[in-house]
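Laboratory data are not the source of any read-out in this text; all were calculated from the coordinates shown. On a predicted model such as this, the values are computed, not experimentally measured, just so you know. Glycine also receives a Cβ, built like all others from the backbone with ideal geometry; neighbour counts cover every protein chain displayed.
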């Protein structure tokens with residue numbers, strides 16, 4: 001298969017761009033996940049009331065997935 005066959009109608013370019021966009025979105029979701037857990041863990045320094053309120057909030061929310 002020649003290289004020119006891979007780029008016919010720009011399909012190869014669109015697929016690599018789609019893969020890069022998927023990687024960017026998954027990276028943003030991972031960063032949001034880590035930051036959310038970091039904020040939850042930092043509530044430890046706010047005292048037991050803040051940590052208990054955070055725990056109650058987590059238990060009261062329905063499962064997203």
- Near-label residues of segment 31-51 by backbone N, under 14 Å of a point 7 Å along Cα→Cβ of residue 60: 50-51
- Between residue 19 and residue 53, 0.36 nm times their residue separation minus their Cα-Cα distance comes to what? 8.3 nm
